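The values are calculated or read from the model by the stated rules, or taken from the named source; none is laboratory data. Bear in mind that the values here come from a model prediction, so they are computed numbers and not experimental data. Virtual Cβ from ideal backbone geometry, glycine too; neighbours counted across all protein chains shown. Remember, those area values only see protein heavy atoms, side chains included, never the ligands or the DNA or RNA. Shrake-Rupley method; radii C 1.70, N 1.55, O 1.52, S 1.80 Å.
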Amino acid sequence: QVRLVESGGGLAQPGGSLRVSCIASGSIHSITAMGWYRQAPGKERELVAEIGTGDIMIYADSVKGRFTISRDNAKNTVFLQMNSLNPDDTAVYFCNVRGITTNEWRVFDNWGQGTQVTVSS
């Protein structure tokens, strides 16, 4: 079983910064990709940023130049540094981790519980 625990988020003013973190634990053999998605009220969940094998990173156009994704492989942790926040960034942010378990070498694709990010003055 693989568990994801998110932390960070909260309230920021426009132009401010926040950082969210996600730690993956459990029966993990290897991780192929770690990422962040977000879902605003009344909207579909969308990819924000992802970091994969070889540290290849992809970003949504709306966050390029403002958000930075990084990972600590030794701690199975992914971070999302969010700068120059604006009200359109308000959403629940979900961590997603994909990889292989130690248990029968199964593929896993797990989601965190979500953390609220609110940008408002």
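Things to note:
- Alpha-carbon Debye profile of segment 48-111, log10 I(q)/I(0) at 0.14, 0.16, 0.21, 0.27 Å⁻¹: -0.49, -0.62, -0.96, -1.33
- Taking θ as phi - 60° and the Karplus parameters 6.51, -1.76 and 1.60, the scalar couplings of segment 14-27 work out to x, x, x, 10, 8, 9, 10, 10, 9, 10, 9, 9, x, 7 Hz in sequence order, x denoting glycine and proline.
- At R0 = 35 Å, FRET efficiency that the Cβ-Cβ distance of A40 and V107 yields, to 0.05: 0.75
- For C95, neighbours were defined as the other residues whose beta-carbon sits under 15 Å from its Cβ, and their charges (Lys and Arg +1, Asp and Glu -1) total +2.
- On a per residue basis, segment 7-116 carries 53 Å² of accessible surface, using protein heavy atoms and a 1.4 Å probe.
- In this Cβ point-charge picture (+1 for Lys and Arg, -1 for Asp and Glu), the chain has a dipole of about 160 debye about its Cα centre.
- Unit Cα scatterers, Debye sum, the chain: log10 I(q)/I(0) for q = 0.11, 0.13, 0.18, 0.21 Å⁻¹: -0.35, -0.48, -0.87, -1.14
- Given the chain, longest segment not containing exposed loop GluC sites (Glu not before Pro) (DSSP; at most 13 other Cβ within 10 Å): 45-103
- Computed on the chain, with alpha-carbon pairs under 8 angstrom and 6+ residues apart, the relative contact order is 37 percent.
- The share of accessible area on the chain that comes from carbon and sulfur is 49 percent, using a 1.4 angstrom probe.
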